[in-house]
Amino acid sequence: MKIHEYQGRQLLASFGIPVPAGTVIESIEQAATTYKQIASESGSDLVVIKAQVHAGGRGKAGFVKLVRSPQEAEEAARFMLTNRMVSVQTGPEGLEVKKLLLAAGVDIADRPGTPNAKEEFYLAITTDRGSRRNVLIASREGGVDIETVAHDRPDAIIKEPLHPIMGLQQHQARKVAFDLGFKGSQVSQAVKIMLGLAKLFEAKDCALAEINPLIITPSSATHPDGQVLAIDAKFTFDDNATFRHKDIQAMFDPTEENPAELRAQRFGLSYIALDGNIGCLVNGAGLAMATMDIVKLHGGSPANFLDVGGSATEEAVTEAFSIILSDHNVKGVMVNIFGGIMRCDVIAAGIINAATKHKNPDGSTGFKVPLVVRLEGTNVEAGRKLLADAKASLPTLQPATDLTDAAMKVCKAVG
Ligand code: GDP
Ligand code: MN
């Protein structure tokens, strides 16, 4: 489960990590007044406006803007709320932006000895499956180019494993702070942030807790070494653990989720939308993976991963068809069911019923796209007979003898 940046900032703050104050708005009209309120509270005319969507790369996409007047704030809000955000993390269709965060803007100190560079750092904790530890990941090259840095200069990334029981140790955090180049009182500020992030990661069962960038403000009379602040927050939580965090559950924003995936969840179906044109309806995650592989092998491209589970009801199968066909890219459907606990005749009856009852967008009923069905397992003969007898009501149905036959038939059918 993902959350918005503004929610992530609240979590950071609750674990003692300093974050500039901010307010969320949902309309263009709120921009100017909110700007004035934040500017007067922070005593600076610099305010940052940031699109709140479950994707990063906002800065480069033009959806993080620094503004210095109510007019500029309104302009930026208008742009972000009326355009879809397309970034490297969204896919070409982009995301609708429904919420904006307005926060006190901060000045970022110049990096000493490095012209045109600012003091922006990367800091994250995630689970490293290779070492079976949680790991602190840090880099001096934080900011909007971290992916390029990680790819081109892996040596610029510091990794520090967390002890399975004791978590991140003070001495480890100090070492990382020195390696990152923090000086004077910046060191203790950075250490406090790292320890806070490690506690938060553990306490809330995070899969990823990321601050990018962590910044240093320029030297001032009250803070001669500058202040170390988090100005972005990205969190992913372990879905298997959210049941024990009511506060995290309350942050769930269903409007950011794929509607078909949400619908599938309600019927106990595991559905993940993909970008191909062959819908797949399969029982069992392993078989679903194998089905996608074999479709690829024969030159096709799966439109989804869909596991109806081991004991799917007719209702779930009906829903599964409807979800698959709600994707307008689907030009053919491949059903691949192994009747182990379920009986093939029951499944065949379910498929026939679901397919004949299927409602098309034009109001008509019945299946219009090619439907290739491969059944195997208990009562398979009875199941195949039912399908053969249903030919009249399901003109697009093609029974298949095995996995390869089914993949070849569906690939041929969609061209
Ligand atoms: P992302 O692109 O989605 O990761 O969004 P970020 O919140 O990380 O913002 C992108 C970049 O905008 C940061 O790396 C900073 O360089 C810049 N930025 C964001 N907020 C501020 C701010 O308050 N002050 C200044 N000077 N720059 C900011
Ligand atoms: Mn960022």
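Readers should treat all values here as calculations from the given coordinates under stated rules, not as data from a laboratory. Quantities reported herein were computed from a predicted structural model and do not represent experimental measurements. Cβ coordinates were reconstructed from backbone atoms using ideal geometry, including for glycine residues, and neighbour counts include every protein chain displayed.
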Handout entry: Mean separation of Cα contacts under 8 Å, 6 or more apart, over the residue count of segment 181-238: relative contact order %
Key = 37 percent
Practice task
Return a whole-number percent for the relative contact order of the chain, with Cα pairs under 8 Å and 6 or more residues apart as the contact set.
Solution key: 12 percent
Completion exercise
Here the convex hull volume per residue of segment 290-383, taken over Cα atoms and given in Å³, is 94 Å³
Practice task
Return the ratio Rg/(2.2 N^0.38 Å) for segment 155-206, where Rg is computed over Cα atoms only.
Solution key: 1.14
Handout entry: Whole-number D in µm²/s for segment 339-415 (Stokes-Einstein; Kirkwood sum over Cα pairs; 4 °C, 1.567 mPa s)
Key = 101 µm²/s
Completion exercise
FRET efficiency for SER188 and ASP155 from the Cβ-Cβ distance with R0 = 35 Å, rounded to 0.05, comes out at 0.85
Exercise for the section: Express the relative contact order of segment 275-415 as a whole percentage, based on alpha carbon pairs under 8 Å and six or more residues apart in sequence. Expected result: 26 percent
Completion exercise
Which of VAL144, VAL19, VAL346 fluctuates most in a GNM of the chain (C-alpha springs under 10 Å)? That residue is VAL346
Handout entry: Under 23 Å from LYS331, Cα to Cα: lysines that are on another chain or at least 8 residues apart
Key = LYS296, LYS357, LYS359, LYS368, LYS391, LYS409, LYS412
Fill in the blank from the handout: Where a ≥ b ≥ c are root eigenvalues of the Cα gyration tensor, a/c under 1.5 meaning rounded, otherwise prolate if a/b exceeds b/c and oblate otherwise, segment 100-177 counts as prolate
Handout entry: For peptides 83-91, 48-56, sequence by mean Cβ density within 10 Å, most packed first
Key = 48-56, 83-91
Practice task
Express in whole angstrom the spacing between the alpha-carbon centres of segment 1-72 and segment 149-194.
Solution key: 27 Å
Practice task
Find how much the distance from GLN265 to HIS328 grows on full extension, using 0.36 nm per residue of separation minus their present alpha carbon separation; answer in nm with one decimal.
Solution key: 20.7 nm
Problem - Extended-chain gain in nm, criterion 0.36 nm per residue less alpha-carbon gap, PHE79 and MET289 - result: 71.5 nm
Handout entry: segment 256-318 versus segment 106-131: alpha-carbon centroid distance in Å
Key = 40 Å
Problem - Computed [θ] at 222 nm, deg cm²/dmol, the chain (DSSP H ≥ 4; -39,500 (n - 2.57); rounded to nearest 500) - result: -11000 deg cm²/dmol
Completion exercise
Placing each pseudo-label 7 Å from Cα in the direction of the beta carbon, ARG129 and LYS246 end up separated by a distance in nanometres of 3.4 nm
Fill in the blank from the handout: With 0.36 nm assigned to each residue of separation and the Cα-Cα distance removed, THR356 to PHE178 gains 57.3 nm
Exercise for the section: For the chain, take the alpha-carbon Rg, divide it by the Kirkwood Rh, and send me Rg/Rh. Expected result: 1.08
Practice task
Could you work out which residue, out of ALA233, ALA348, ALA138, moves most in a Gaussian network model of the chain, that is, has the largest mean-square fluctuation with Cα springs under 10 Å?
Solution key: ALA348
Handout entry: Beta bridges by DSSP in the chain, antiparallel share as percent, to the nearest 5
Key = 75 percent
Practice task
Check each of the GluC sites (Glu not before Pro) in segment 86-146 and keep only those in coil by DSSP with at most 14 other C-beta atoms within 10 angstrom; list them in order.
Solution key: GLU93, GLU96
Practice task
Compare GLU147, GLU160, GLU75 in a GNM of the chain, Cα atoms joined below 10 Å, and give the one with the largest fluctuation.
Solution key: GLU147
